[in-house]
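Structure, as structure tokens:
The values are calculated or read from the model by the stated rules, or taken from the named source; none is laboratory data. Please read these numbers as outputs of a predicted model, since none were measured by experiment. Virtual Cβ from ideal backbone geometry, glycine too; neighbours counted across all protein chains shown. These accessible areas exclude ligands, DNA and RNA; they are computed on the full protein's heavy atoms, side chains included. Shrake-Rupley method; radii C 1.70, N 1.55, O 1.52, S 1.80 Å.
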Amino acid sequence: MLYTDHKPLRYLLGPNKGVPVLAASRLQRWAILLSGYEYDITYRPSKQNANVDCLSRLPVSNRDVSSNTREATKMNESQIDCLPVSASEIAKATMYDRVLSKVLHFVLYSWPDRNSLSPELLSFYNKRDELSVEGKVLLWGLRVIIPQKYQQFILNELHTSHPGIVRMKALARMHVFWPGLDEQIEKLVLSCAACQTVQSVPPAAPVHDWNRPSRPWHRIHVDFAGPFLGCMFLVIVDAYSKWPEVILMKSTTTTKTISELLYVVYLRNLGFQKN
């Protein structure tokens, strides 16, 4: 005998009823699985179906609500136990840490006004709604906030197999946190000879050299500089002689630019002077 508080199942999966052709594939698979058994389905309203979930429907009146029985606490404690240092060591170091001891106090009681906090506490203030305490250990989500005493030790543990910057950051973001962690990881990997030896170096792009022009003003390089003191300057450099020409431009329209280029490249080099 099967008891359910889901009344439609009597008609969908009942032994004397066929499964509709348009039923969901999951229901069809359940019907095939149950076809190997002899059973009968009886509907029982939810208020009479306490045996289905007795722990939530029939709670003990004097149940223990301590933090050790909560699922979230168990999850947080398991994260702490995965670290190479014990939770008690981290808790003790947190209480003696100059910054984290204040953060611990603020999380347990209340945060002061933002303007009264020092810069080193602001990073924690911005995360105040995501901070929690388990066994006197500070957590940011599921990441354990490591006091300064153990930060170098944790860095060395993350760097044990020389996984590189990306992998180290990924591991750290799963378990630990402290301000400046990413920068310390980058600095550690970049200063490690073993990591630099095995890192994948992209192939160097070939250098493209300009072909040397055969005569002066055969090729020029042009750009605008400014604004400076309310003016723009047209800078022209001859690729052959490296001779620069700088022209004060009151207007940078296409027509005016072409006019100045024609004058510099052709007329001036033929000996003409502009009126």
- Query: All but one of (1) free of Cβ contacts under 8 Å to residues at least 12 places away in the same chain; (2) open to solvent by 80 Å² or more (accessible area, probe 1.4 Å); (3) not polar (S, T, N, Q) hold for K149; which doesn't?
  - Reply: (1)
- Message: Yes or no: the range 134-156 includes at least one residue that is on the phi > 0 side of the Ramachandran plot, among the charged types (D, E, K, R) and at pLDDT 85 or above.
- Response: yes
- Could you tell me which residue of the range 84-102 is most open to solvent (accessible area, probe 1.4 Å), considering only residues that are closer than 20 Å to R128 by Cβ and not in a helix (DSSP H, G or I)? R98
- Note on the range 103-114: residues closer than 14 Å to V133 by Cβ and part of a helix (DSSP H, G or I) are V103, L104, H105, F106, V107, L108
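I need a count of the residues in the range 115-146 that are assigned to a strand (DSSP E or B) and under 19 Å from E89 (Cα atoms). Explain how you work it out, then say what you get.
So the first thing to find is which residues in the range 115-146 are assigned to a strand (DSSP E or B), and the list is 131-134, 137-140, 143-145.
With under 19 Å from E89 (Cα atoms) added as a condition, the list becomes 132-134, 137-140, 143-145.
Number satisfying all stated conditions: 10.
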- Note on the structure: The number of residues in the range 180-199 that are exposed (fewer than 15 other Cβ atoms within 10 Å of the Cβ) and more than 22 Å from Q148 (Cα to Cα) is 6
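Of a type in the set (F, W, Y) and touching a residue at least 40 places away in the same chain (Cβ under 8 Å): which single residue out of W140, W217 fits that description?
Numbers: W140 fails: touching a residue at least 40 places away in the same chain (Cβ under 8 Å).
Answer to the check: W217.
Can we say G230 is on the phi > 0 side of the Ramachandran plot, open to solvent by less than 90 Å² (accessible area, probe 1.4 Å), under 43 Å from the mean Cα position of the chain (by Cα) and among the small types (G, A, S)? Steps first, answer last, please.
Working: on the phi > 0 side of the Ramachandran plot: yes; open to solvent by less than 90 Å² (accessible area, probe 1.4 Å): yes; under 43 Å from the mean Cα position of the chain (by Cα): no; among the small types (G, A, S): yes.
No: the conditions fail for G230.
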- Y150 meets each of (1) in contact with a Cys (Cβ under 6 Å, 6 or more places away or on another chain); (2) part of a helix (DSSP H, G or I) with one exception, condition (1)
- Looking at this structure, is F177 surrounded by fewer than 14 Cβ atoms within 10 Å (Cβ to Cβ), aromatic (F, W, Y) and free of Cβ contacts under 8 Å to residues at least 60 places away in the same chain? no
